[in-house]
Structure formats: structure tokens, C-alpha cells
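Here is the structure we will look at.
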Amino acid sequence: MRCLACHDTFFEQPVWRKLLMLESPTKLCRLCELKLVPISGKRCVACSRSLDSLTQAFKNGDQCLDCLRWAERKDIGHLLERNVSLYEYNAFLKELFATFKFRGDVVIASFFAEKMARLYQKDFRGYLPVALPLSQERLVARGFNQSSLLMQGWAEDQDILIRTTGEKQSKKNRKQRMRQLHQNPFSLREEAKIEQKNIVLVDDIYTTGTSVRLAAIVLKENGANKIASLTVAR
Ligand SMILES: [Zn+2]
Ligand SMILES: [Zn+2]
């Protein structure tokens with residue numbers, strides 16, 4: 001078997017569960033698997049960031065500073081129910097994601113998709129999964145949306161959101177740029193039916209949490225109930 005990250009070949013002991021196909025084969029060698037750090041211990045209840053690794057100045061009670069700041073934003077702070085992630089965003093994962101985004105590596109996608117499926121079942125059963133979209137230009141340039149690849153095998157991407165980005169920033173003057181800042185890049189497809197639905201947005205990384213909240217504005221405006229996000233890394 002070939003490791004999807006370092007491409008070394010490795011052997012694994014056949015276990016009866018795997019022989020019976022109850023579990024899919026490992027796709028990372030042991031050394032690489034160790035570099036992937038699942039978020040564990042005490043987590044921020046709002047964004048799932050590990051609280052153990054933060055100093056006292058960056059947390060308070062059961063939340064991280066980022067989330068406490070969001071909570072102060074009366075306009076969009078409350079829009080996201082919570083974010084749940086699998087792994088800490090470290091150098092190894094950054095590199096793995098770069099390969100994934102560059103090539104649309106289906107092996108990498110399926111490795112994470114399986115784990116995302118389990119987390120979805122555990123935390124968001126009954127929620128409508130929606131991949132965070134790319135803009136049309138980005139999608140054409142890249143050829144695939146990494147977020148919908150992460151749903152492979154466990155959910156159909158509903159494709160209800162549209163993302164638009166304007167022309168290149170450099171062509172705009174300051175006033176136009178400021179206006180764009182206040183414009184939401186997300187909108188909803190006309191035919192989408194989301195009234196009273198709970199929705200979980202699927203994406204690769206939760207960084208500042210701005211994108212998912214901007215998407216949440218549109219979904220809430222159109223009658224959605226709860227909005228959460230499910231991401232590979234925090
Ligand atoms: Zn490896
Ligand atoms: Zn947090």
C-alpha cells in the first residue's frame with residue numbers, strides 16, 4: 001500500500017474487520033498518521049479549537065478568544081451555532097491540503113471524507129450538508145471544489161449557494177474596495193428550499209470563521225433554522 005502523503009509503500013497487518021470490509025484500508029503510513037493531530041482534550045465549545053494548547057490570555061471559560069470576540073458582534077456573531085473540526089491545522093496538514101487543492105487528489109479527499117462522515121453522523125444527523133462553494137472563476141481555474149469532494153460517499157452536495165467575487169482588486173479604487181467589503185459574496189439559488197432546515201456547511205478549514213458566517217447570513221435570511229459548520233481543520 002502507498003501512503004497518500006509521503007508516497008512510501010507500507011504494509012499493514014490484515015485485521016479481520018478490514019478483511020470483512022467493515023473498515024476501509026489505512027491510507028496514511030504510521031509516521032504520517034502520527035503527524036496528523038486530532039483535536040482532543042478540552043475544546044472551545046463554539047469552534048472546537050483545542051483549549052489546552054492556548055495560554056490563559058487566549059481563552060475564557062469554555063471558549064477561545066476568537067469566539068468571545070464573535071459573540072460581541074451583535075450583527076453576525078450569533079449566526080453560527082458552532083463549528084466542529086477533526087484536526088489541528090499544522091504544517092503537515094497544510095502541505096497535505098496544498099497537494100489536495102492543487103491536484104484534487106481523490107485519495108486524499110476520500111481519506112478525510114470518511115472521517116467527516118463519521119463526525120456528521122455523531123454531531124449533525126438530520127442537518128442538510130452544504131459544501132461552501134467557490135466562485136465560478138475559481139471553480140473553472142481549479143476544476144473542482146475541494147469542499148464538495150469532502151462529502152464524497154456520504155452526502156450529495158446540494159449546491160444551493162453561489163459565491164461571486166468581483167474583478168481583480170487592483171482595478172478598483174479604495175471606495176469600490178470598501179463597498180465590496182460590505183457586500184456578501186454568497187447568495188442563494190432561486191430554487192433552493194431551506195425554510196426551517198438545519199444546515200451544516202462543509203469546508204476544509206475554519207480559520208477566522210468569516211466565510212461560514214457570511215454564508216449563514218444568506219441562509220438565515222431565507223428561513224433556515226440552525227447553521228453550523230463541519231471542517232477538517234481548525
Ligand atoms: Zn507516509
Ligand atoms: Zn472558539
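Please treat every number below as a calculation from the coordinates, not as lab data. Remember, predicted model here, so these are calculated numbers, not experimental data. In this analysis, Cβ positions are derived from the backbone assuming ideal geometry, glycine residues included, and neighbour counts consider all displayed protein chains.
Using a cutoff of 8 angstrom between alpha carbon atoms and counting only pairs six or more residues apart, the relative contact order for segment 76-233 works out to 36 percent.
Close amide-amide hydrogen proximity is noted between A228 and E81, I199, V200, L201, each under 5 Å apart and 5 or more residues distant or on a separate chain (H modeled in the peptide plane; Pro and chain starts excluded).
Label-to-label distance, D75 versus F102, with points set 7 angstrom from Cα along the beta-carbon direction: 3.8 nm. Helical runs (DSSP H, four residues minimum) scored at -39500 (n - 2.57) apiece and divided by the length of the chain put the mean residue ellipticity at 222 nm at -9500 deg cm²/dmol. Annotation: amide H-H contacts under 5 Å for S85 (H modelled 1.01 Å from N, sequence separation of 5 or more, or interchain): T231.
Taking 0.36 nm per residue of separation and subtracting the Cα-Cα distance, what length does fully extending L65 through L31 add? Let's see the in-between values first.
On the way: separation 34, 0.36 × 34 = 12.24 nm, distance 3.29 nm.
This chain segment gains 8.9 nm when fully extended.
Let me spell out the model: positive unit charges on the Cβ of Lys and Arg, negative unit charges on the Cβ of Asp and Glu, origin at the Cα centre of segment 76-233. What dipole size does that give, in debye rounded to 20? All intermediate terms of the calculation are to be shown ahead of the outcome.
Values: 24 positive and 17 negative charges, 150 e Å.
Magnitude of the dipole: close to 720 debye.
Which entries of K59/K220; K74/K122; K101/K226; K42/K115 have Cα-Cα distances beyond 22 Å here? The pairs that break the limit, which is 22 Å between Cα atoms, are K59/K220; K74/K122; K101/K226.
Diffusion coefficient of segment 76-233 by Stokes-Einstein, Kirkwood radius over Cα pairs, 37 °C, 0.692 mPa s: 201 µm²/s. Each residue of segment 82-88 is assigned a 3J(HN,Hα), and the resulting list reads 5, 10, 10, 10, 8, 10, 6 Hz, derived from the Karplus form 6.51 cos²θ - 1.76 cosθ + 1.60 (θ = phi - 60°), x at Gly and Pro. The phi-based Karplus calculation (6.51 cos²θ - 1.76 cosθ + 1.60; θ = phi - 60°) puts the 3J(HN,Hα) values of segment 156-161 at 8, 5, 6, 6, 9, 9 Hz, whole numbers, x for Gly and Pro. Once the Cα atoms are used to define both axes, helix 106-123 deviates from the longest principal axis of the chain by about 70 degrees. Short-range pairs are left out: with C-alpha atoms under 8 Å and at least six residues apart, the relative contact order of segment 1-153 is 18 percent. Principal-axis analysis of the Cα atoms of the chain puts helix 210-221 at an angle of about 60° to the longest axis. Residues in segment 126-132 carry Karplus couplings, in order, of x, 7, 7, x, 10, 6, 5 Hz; the curve used is 6.51 cos²θ - 1.76 cosθ + 1.60 with θ = phi - 60°, and Gly or Pro positions show x. As a rough footprinting exposure proxy, the listed residues I199, I39 were ranked by other beta carbons within 10 Å of their own, and the order from fewest upward is I39, I199.
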